[in-house]
Amino acid sequence: MMRKFLLVFGLLTLVMANAQQDTLLLGFNEYMGYVKKYHPIAKQAQLTISIGQANLMKARGGFDPKIEADYEKKEFKGTDYWDRLNASFKIPTYYGLEFKAGFEQAEGTFINQDETFPDNGLYSAGVSASLARGFWINKRMATLKKAKFFREQSKADQDLLVNQILFDAALAYFDWLQAYKDAEIFKNFLENAQRRFEGIKQSALAGDRAIIDTVEAKIAVQNRALGLEQTNVAFRNKSLELSNFLWINDVPVELQPNVVPDETPEGDIDTTLEIMGKPLDSFTLENHPKLRSLDFKIDGLNVDRRLKANKLLPNIDVEYNFITGTPDLLNSFSTQDYKGGVKFFFPLFLRKERGDLKLAKFKIQDAQFERDNAAVEIKNKVFAIYNELDSFIEQNRLIDRIVTDYNTLLSAEERKLSFGESSLFLINSRESKLIDAELKQNEVQNKFFKAKAKLFKSLAINPENL
């Protein structure tokens, strides 16, 4: 518990951009920076690259040199049946070639005639190759190529994962900001209603106003207090939702009540999400992470297709080894002393191979359809969001003007009331309209910010400066 308290205290100290009385400001840029650095999902995204690297290492292991040894001995009732040793050193290459050096030795009463070797054993050096199936591409080569594509695909997938968690975090911040500003509206108007109530109460006691006016003024106070309580609950709930994205050193951080959002984050949003200066005519699909991920997926499927197509060829494996009993003498290796062979097989109907090839082609077509559809969806979504942003700019301008005009009407009505030319009913009516307008102003601003976040998500940006 003490450790958690210290972490919370440390976070609040770091994000303090401005201290007024006992409140601490959590700016949008600082908040998003903490999410990207410490959130478990953001850390999990880093694992995708590590997994890609591990798969590549595993695939390269198919070309590691190998040492093999096979030794067996049998002795029964004083009779040495056999004593065999067969050791080899193999070096696989990228294509269907494998270099091999070997040593064979056998002795005993019951060894086969073809196991009669020189006293010091028989040494060999040679090469084996697949001349048709498996020469230009084989399982080892395909696995390595696919692992390279998977590594690049993992990098694109990481960008998508980080982008998604930052998008969700941004929406939580904007909802938190709206709830805070809504609560501030009712807090300010509650103070106004209380001052008005006290003034009318004093006037009524002095005989300048009817006692019934105090009841109407008190109802206004109660309405504002009810609105404040409701918005405070919404703000606390949004604070809890925001806390889901705040972690430090794998420990969740609870947002304290005195931490408040930046009420004017407009400048930080574009900079933090790195969407500043991205006009519609600059939008391109080529480097979009989702499309890059699908492209690498298709590249991997094409490798599978080539491997399946290669299996339509006959299997012709050849091997040739020079053999000698005196490997220390180079001239002892002679073409007259050798061990070689040819292995051939070819299915007559190739139904399995042809079926596998068709399935591989269908998978490529399916992935290509997915890629084409994703490209159209991304393009149309980005265009729609740009239209939405243009509309919200105009909506914000209009709602700001409406709020200004309602403020003017309320101020004029209050001035008329001071001259005895208006009523408390009109004041409350004007004030209610102003409250509704300011709440609408917060709602439109929230939608505008969320539209920017949707543009950030549609472009699948992984901010470099967070």
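The values are calculated or read from the model by the stated rules, or taken from the named source; none is laboratory data. Fair warning: this is a prediction, and the values are worked out from it, not measured in the lab. Note that we place each Cβ from the backbone using ideal geometry, even for glycine, and neighbour counts take in every protein chain shown. The area values use the complete protein model at the heavy-atom level, side chains included, leaving out ligands, DNA and RNA. Shrake-Rupley method; radii C 1.70, N 1.55, O 1.52, S 1.80 Å.
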Segment 153-213: D in µm²/s via Stokes-Einstein (Kirkwood Rh, Cα pairs, 20 °C, 1.002 mPa s)?
-> 136 µm²/s
With the other protein chains left in place, how much accessible area per residue, in square angstrom, belongs to segment 54-187 at a 1.4 angstrom probe?
-> 54 Å²
Tell me which lysines have Cα within less than 26 Å of residue 308's Cα, excluding those fewer than 8 residues away on the same chain?
-> 58, 139, 145, 146, 148, 297, 343, 352, 358, 361, 363
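Between residue 365 and residue 443, what FRET efficiency comes out of the Förster formula 1/(1 + (r/R0)^6) with R0 = 56 Å and r the beta carbon distance, rounded to 0.05?
0.75
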Which Cα, out of 291, 275, 329, lies furthest along the positive dipole direction of segment 237-354 (beta carbon charges, K/R +1, D/E -1)?
-> 329
First select every other residue whose beta carbon is under 9 angstrom from the beta carbon of residue 156; then total the charges, Lys and Arg +1, Asp and Glu -1.
-> -1
Treating only Lys and Arg (+1) and Asp and Glu (-1) as charged, each at its beta carbon, one finds that segment 63-129 has a dipole about its Cα centre, in Debye to the nearest 20, of 160 debye
Take the alpha-carbon positions of segment 279-322, form their convex hull, and give its projected area averaged over all directions (one quarter of the hull surface) in nm².
-> 6.1 nm²
Sorting 88, 442, 406 by the position of each Cα along the dipole of the chain (Lys, Arg +1; Asp, Glu -1; all at Cβ), the one nearest the positive end of that ordering is 88
For the chain, what proportion of DSSP beta bridges, expressed in % and rounded to the nearest 5, is antiparallel?
-> 95 percent
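Please compute the net charge surrounding residue 122, taking Lys and Arg as +1 and Asp and Glu as -1 over other residues with Cβ under 13 Å from its Cβ.
-4
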Using DSSP to define loop residues, name the chymotrypsin sites (Phe, Trp or Tyr not before Pro) in segment 314-401 whose beta-carbon has at most 13 other beta-carbon atoms within 10 Å.
-> 349
Accessible area per residue of segment 326-466 at 1.4 Å probe, in Å²?
-> 65 Å²
Would you mind working out the magnitude of the charge dipole of segment 318-438 relative to its Cα centre, with +1 at each Lys and Arg C-beta and -1 at each Asp and Glu C-beta, to the nearest 20 Debye?
-> 880 debye
May I ask which of 37/238; 379/457; 155/452 have a Cα-Cα span longer than 20 Å here?
-> 37/238; 155/452
What Kirkwood radius, in Å to one decimal, follows from the Cα pairs of segment 320-455?
-> 23.7 Å
What accessible area per residue comes out for segment 195-290, rounded to a whole number of Å², with a 1.4 Å probe?
-> 58 Å²
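Could you work out what % of the accessible surface of the chain is carbon and sulfur, using a 1.4 angstrom probe and leaving DNA, RNA and ligands out of the count?
56 percent
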Hey, can you grab everything whose amide H is under 5 Å from the amide H of residue 260? Only 5+ residues off in sequence or another chain; H modelled, so Pro and N-termini drop out.
-> 24, 25, 26
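For the chain, what does the helix formula give at 222 nm: sum of -39500 (n - 2.57) over DSSP H segments with n ≥ 4, over the residue count, nearest 500 deg cm²/dmol?
Numbers: 9 runs with 277 residues, N = 466.
Mean residue ellipticity at 222 nm (helix-derived): -21500 deg cm²/dmol.
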log10 of Debye I(q)/I(0), alpha-carbon scatterers only, for the chain at 0.06, 0.09, 0.11, 0.13 Å⁻¹ = -0.55, -0.84, -1.02, -1.20
Residues of segment 315-355 with amide N under 16 Å of the 7 Å Cα→Cβ point at residue 120 = 323-334
For the Cα atoms of the chain, what angle does the longest principal axis make with the long axis of helix 289-310, in degrees from 0 to 90, nearest 10?
-> 20 degrees
Rounded to the nearest 20 Debye, what is the dipole magnitude of the chain about its Cα centre when Lys and Arg each give +1 and Asp and Glu each give -1 at the C-beta?
-> 1200 debye
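What's the local net charge at residue 286, with K and R +1, D and E -1, over the other residues with C-beta under 13 Å away?
Net charge in that neighbourhood comes out at +3.
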